[in-house]
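Nothing in this text is a laboratory measurement; each read-out follows from the coordinates by a stated rule. None of the values given here were measured: they were computed from a predicted structure. Neighbour counts run over all protein chains shown; Cβ positions are idealised from the backbone, glycine included.
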Amino acid sequence: MTRSILARLALRLAALTLAPVSGFAETFDLRSDLTCEARDAVTDRLAADTRVTISGDAVNVGGQFSLDWERPGFPEREPIFLMVSFDGPVRLSGDGMYALLPDARAPFGISWDKAQTRAVIPFFGRGMPKNGSIEVEPLLSGPLTLRWSVVGHSGCAERIGPDGQGNHVINVTTAARPEIVVKDPVSEDVPDQVLVNRDGSRHLHLFNGRFRLTDAATGAEILELVGKPHFSPGGRYVVLPGADAAGIFDAVDGARVVPANDGFIWNADWSALIWSHEDSFVLQVLSGNGLSQLHNFAAGRTVRVTDNGCRVCGANQHTYKLDLENNVFISEAYNELNAHRLSEGGLVSQFRPEITSGVRVGDANRRNALRDIDRQQAVAGVALGNGLVFSDQIAVSVPFSTGFSRSDNLKNNDAVADSLNPYHRPNRQVTQVAKGGADPVNGTASGALAWRSIGADISGPTSTHVTKRLREFGLPVVAGVPVERTDVAAMLPQFDSSQHSTNAARKQAFDAHDVKVTSAYAAQWQAISAATGVDVQRFERRQYASSCSVQGEGKLLGEFETLWSWTSEGETHRLTTLRCVEGSAAFNYPTTYLFSSGLEGGVSSRETNWGTISSLDLGNPGTNIGNLCTSSIDACGFEVQVFDDTLILFSRPASAYAVIDLTIGQVVSKQFDLPRGDLFDNVLMTEDGRHLVTLQRDGSFFVNRLSNAQPVLSGLYADDEVIVWSDDGRYDATSEGAYFVSYTFPGHFGEYTAQQFENYLKVPGLVQQVRLGVYKPSTVQITPPPILRASVEVTDTQAVLKAEAQAPVALRALTVFQDGLRTQDFAADGPVSDWQETIDLLPGTRWLSLVATDVNGVASAPYSVEIPQPAAARRLHVFAIGVDDYGDASLNLTAAVGDARLFASALADRADDGVRIASQTVLLDAEATPDRILSELETLVQTAHPGDTVALYFAGHGLSVDGRYYLAAAGVDVDNISGTALPFDALSARLRDADLRIALFIDACHSGLAGDGLFSTNDQVVGGALDQIPSGLVVFAAAKGREFSLEDPETAQGFFAQALAEVLHDPARDLNGNGAVELSELFRGTKQLVSDRVQQAQQGAAPADLLTQTPWMARNLMVGDFALF
């Protein structure tokens, strides 16, 4: 031994302070006396005989492959490591190693592949393994390159063994396991705050109580939960403190990186999360119990480094040391001192007397710990810790309060907080968030910035709409019967101690008050007994005020806050509940009884190992955290619904429900951790009593099997549409409901429209099949979408495209869209292709989008870029048609002519440097004959330039005969529709082959006429347009097929036309401030204005009489967001 351990200890004890440290110098006190050259020779010798093997060449995202390694023994103890690097994000598991994330400092400052994720396998130390296996889970699709080297440090420089190097490429494929994402891709709310991780790849969208984690490049949703999270300092992880779902999640794929059963620690309030080495390590310190844990998430390892059991002891006296050079983590609490190996978590040294012994850590214990480390592990000088500042690499992402101890020693708390403040690294924010606008961080389309916003109407007077639509969709649900609720607590006598001047008087008055309270409860007991037959003598008050139980054997707790009363199936029922907490930790001990005339003894009962229990079994078997609302359904309150012999208790605070069979008085099933449980609002039941439907405030719902509380379907009610989907990715939807459906693929970012997968994934009648138990889930057999990477450089009139794509099957083409119009196709060859092309820009192009498709027609997520200052103006052709006068009082309208004029005028006002009105045609009433419409349209098409935009607006009646759709032009005869109306296919034939961008506005469903089978609805006309015009078409419909296009009684104009004109005129509706009206801006603004104003116009109307009008949009081969006007 070259130095005295005691001498080293003397030199290091001065470090036991809480002052921040400066950076460590890159000089190393190596343990051995070998020269630098001799150490290099040892490294080379080990490298030559070290073997690494990989288990395969391909793996799916979510799968794993093995890396096996083997080394020879060596008598020397020198700083030599096997390092394996990965050029993409991975999670590792296996003993004998720890993981470093990109740019993290390696032991001895080794720089080999520092920019990559690395597995570090120390070769030195007593008892270290000579072989091992690492399981590798790739997180993203694409090629993953592994490299490995045996690397040492001689004390002079790092040394890479020349014979110990290798590399391997794993092809990581996206598994064909699509996950459904359901949201409105255009009409979304803006978050309160958007946080950006350090490399800009992830965004956290914070809303009121909820958040979304998204991929910044595509806007694809990765994770959505309750709470207010933040990014770790390095940006690799999302930290969610303080909520029932608290934890830490991998920002790459949203996976939780802590054990789900580690509930106590993860749901407690953390005093500190202190990160080190670019998020590779994090020290988690709690405010009590003396607990702390060291996590190496990328290696799948968590080690509890202090655990002294003192409930009031915090971290203000703890010291820690992260020592990569010696592969050890040293932790000292007030009565324990531990040293753990980083590479596998095992103990190298431990001093931990019983907490009740009164023994504390002293200098002798510290010397012993250093001696143990030196004997077993060390290759360099060893030091003890420096408070919570445990390395020179630490960072914290949130400022810290003084919650490091539950004691009153605020001075020590302040010292701890002060020591951490210099390492505070706050998250970046998107400072200005425009609704629908461009993302200021990377210029991508704004869908990445918005939270789903849906016209749910789940609760309140319009909740009957949900029931009606679900029944029409094949889910015959019914609502529960009314239940009388009594707030017993509010009826009890109140006591005011301030009215009494002495303790004796106060006690005497309180005793009298307590008698009155007992009398009030006794009246309730008598009533319950009379209704249900329970023995009134069984009721008893609590033992004392702070107790949650009664003393007498077989007695019932007679104190309760709330009483529910109802009669069903000829029996009388009462339900009582009391929320109560006990102990210094305020654990929940609620009590809920069911009393029923149909039960023996009048009250529910169940047998347990401890005897007969009368209270209902509402506890959560999945948690041991007794002071949270999720510990029990009745811990923080619940609501009640009754369906014949079935009682449902449901609780938003507990995120749970329970199903109680009233005939036996017992809980038959219960479910906790409900998805989107913070929005839990109501329950419905199917008519056959086999399924329970839980409704959330945002319109989502879940169908659960009543017998075992297992969810069998998820769904969404949005804008009066219904979408349902199963766990295996199949879905069904009402006609416009599929608009809300898109898919994501594991490890493959982007959201993909359901349309291209409809033949594989849509299952008509899915609800009925699941409800009847005949649906058989199966593996989805579809091709995952291609991956597209691209860049665009724009000059005045041209754009240079550079793109590369890969797919599991052969690619077909790269397609270019200019403001939504398909303009070029470039052929592909094989499953991997790249392109470098120069294209001419159409006049006025503001958005350029690229899409790669494979031979199956599956498309990539679009790559879009905005062109801020186009060289020429967009050419716009305005064609507006309005017919009020049909020569028949039963057909005549009042607002169509005015609406057509308003639309044309609003577009004419858009003329500026960016938009040029190339032509304007307005045909009203008698002018709008079929021949005139087709003639004018023919002229427009012939004179238009390629890439021009045509805005075609029609206000009037739509007609339908034998499946053929017509526009009711002037002179229409309902007895001869085919001979007098304008066939829609004749109109579409004029547009089908035109190289034009077509925006079709249909206002063809009017009050009083939609019920006649002769008249077609907006969605029927839209469907015909999409079928007959195969590309370059976007359609705006004034209302859905079940709705009317309504008129504003104050202006005598249609709500739809008014809203369009306002959005076109109002600069505030230009959400990204670029001077153009994007597709998303026009639809978002119009939909919002129409929906809001229709509701305002009906204020005071009975709920059953309320009408809705929801504009909607469809498009055919028009990709991405783009400028219309």
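So if R0 is 25 Å, what FRET efficiency would ASN368 and SER32 give, r being the distance between their Cβ atoms, rounded to the nearest 0.05? Mind dumping the intermediate values first?
On the way: r = 23 Å, r/R0 = 0.91.
My answer for the efficiency is 0.65.
Counting Lys and Arg as +1 and Asp and Glu as -1, each charge on the Cβ, what is the dipole of the range 481-672 about the Cα centre in debye, to the nearest 20?
It works out to roughly 600 debye.
Given the options ALA251, THR592, PHE390, identify the residue whose Cα lies farthest towards the positive end of the charge dipole of the chain (+1 on Cβ of Lys, Arg; -1 on Cβ of Asp, Glu).
PHE390
Checking the cross-link filter: which aspartates and glutamates have an alpha carbon closer than 16 Å to that of LYS130, excluding same-chain neighbours under 8 positions apart?
Of all the aspartates and glutamates, those that pass the test against LYS130 - Cα under 16 Å, at least 8 places apart if same chain - are ASP49, ASP68, GLU70, GLU76, GLU78, ASP95, GLU344.
Let's see if you can work this out: charge +1 on each Lys and Arg Cβ, -1 on each Asp and Glu Cβ, no other charges. What is the dipole magnitude of the range 507-598 about its Cα centre, in debye to the nearest 20? Mind showing how you got there, number by number?
On the way: 8 positive and 10 negative charges, 42 e Å.
Result for the range 507-598 is approximately 200 debye, rounded to the nearest 20.
Would you mind getting the Kirkwood hydrodynamic radius of the chain from its Cα pairs, rounded to one decimal in Å? Intermediate results must be reported in sequence, preceding the final value.
Working: mean 1/r = 0.0293 Å⁻¹.
Computed over the chain, the radius equals 34.2 Å.
Of the beta bridges DSSP finds with both residues in the chain, what % are antiparallel, to the nearest 5? Don't jump to the answer; show the numbers that get you there.
On the way: 223 of 259 bridges.
Within the chain, antiparallel bridges account for around 85 percent of the total.
Rank these for me by crowding, VAL488, VAL466, VAL359, going from fewest to most other beta carbons within 10 Å.
Details: VAL488 18, VAL466 24, VAL359 14.
Listing VAL488, VAL466, VAL359 from fewest to most nearby Cβ atoms yields VAL359, VAL488, VAL466.
Calculated FRET efficiency, SER735 and SER66, Cβ-Cβ r, R0 41 Å, to nearest 0.05?
On the way: r = 50 Å, r/R0 = 1.21.
Efficiency, rounded to the nearest 0.05: 0.25.
I need the P(r) histogram for the range 767-922: all alpha carbon pairs, bin width 5 Å from 0 out to the longest distance, whole percents.
2, 8, 13, 12, 10, 9, 9, 9, 9, 9, 7, 3, 1
Under 17 Å Cα to Cα from LYS507, which lysines show up? Leave out anything in the same chain fewer than 8 places away.
Cross-link targets: LYS516.
Go ahead and estimate [θ] at 222 nm for the chain from helices alone: -39,500 (n - 2.57) per DSSP H run with n ≥ 4, summed, over the residue count, rounded to 500.
Values: 17 runs with 186 residues, N = 1125.
So the helix-based figure for the chain works out to -5000 deg cm²/dmol.
Can you find, among LEU649, THR532, ASN503, the residue sitting farthest towards the positive end of the charge dipole of the range 481-672, where Lys and Arg contribute +1 and Asp and Glu -1 at Cβ?
Result: ASN503.
Relative to the longest principal axis of the C-alpha atoms of the chain, give the angle of the C-alpha long axis of helix 1055-1065, reported between 0 and 90° and rounded to the nearest 10°.
That helix lies at roughly 70 degrees to the long axis.
Just check the range 479-540 against the gyration tensor rule for me: Cα atoms, a ≥ b ≥ c as the square roots of the eigenvalues, rounded for a/c under 1.5, and otherwise prolate or oblate depending on whether a/b exceeds b/c. Let's see the in-between values first.
Values: a/c = 5.47, a/b = 1.98, b/c = 2.76.
Note, shape of the range 479-540 comes out oblate.
Contour minus end-to-end for ALA1068 and ASP1105, with contour as 0.36 nm per residue of separation and end-to-end as the Cα-Cα distance? Walk me through the intermediate numbers first.
Values: separation 37, 0.36 × 37 = 13.32 nm, distance 3.38 nm.
Gain in length upon complete extension: 9.9 nm.
To the nearest 0.05, what FRET efficiency results for ASN131 and GLN1095 with a Förster distance of 56 Å applied to their C-beta separation?
Details: r = 70 Å, r/R0 = 1.25.
My answer for the efficiency is 0.20.
Say each of THR943 and ASN856 gets a label point 7 Å from the Cα, pointing the same way as Cα to Cβ; how far apart are those two points in nm?
Each label point is offset 7 Å from its Cα along the Cβ direction, giving 4.9 nm.
Checking the table LYS114/LYS321; LYS762/LYS802; LYS114/LYS802; LYS762/LYS1040; LYS802/LYS1040 against a 32 Å threshold on Cα-Cα, which pairs fail? Mind showing how you got there, number by number?
Details: LYS114/LYS321 22 Å; LYS762/LYS802 35 Å; LYS114/LYS802 29 Å; LYS762/LYS1040 22 Å; LYS802/LYS1040 41 Å.
Result: LYS762/LYS802; LYS802/LYS1040 exceed 32 Å.
Based on other C-beta atoms within 10 Å, arrange ILE787, ILE355 from fewest to most. Mind showing how you got there, number by number?
Working: ILE787 23, ILE355 15.
By the 10 Å Cβ count, ascending, the order reads ILE355, ILE787.
Neighbour counts of other C-beta atoms within 10 Å: give me THR502, THR562 arranged from fewest to most. Write out the running numbers ahead of the final one.
On the way: THR502 8, THR562 20.
Lowest to highest Cβ neighbour count: THR502, THR562.
For labels at SER549 and PHE510 in the simple 7 Å Cα→Cβ model, what's the distance in nm?
If labels sit at SER549 and PHE510, their model points lie 2.4 nm apart.
Quick one: plug the Kirkwood hydrodynamic radius of the range 787-866 (C-alpha pairs) into Stokes-Einstein at 20 °C, 1.002 mPa s, and report D in µm²/s.
Working: Rh = 12.5 Å.
Translational diffusion coefficient: 171 µm²/s.
Residue farthest toward the positive end of the dipole of the chain, with Cβ of Lys/Arg at +1 and Asp/Glu at -1: which of ALA872, ALA299, PRO777?
Going by the Cα projections, it comes out as ALA299.
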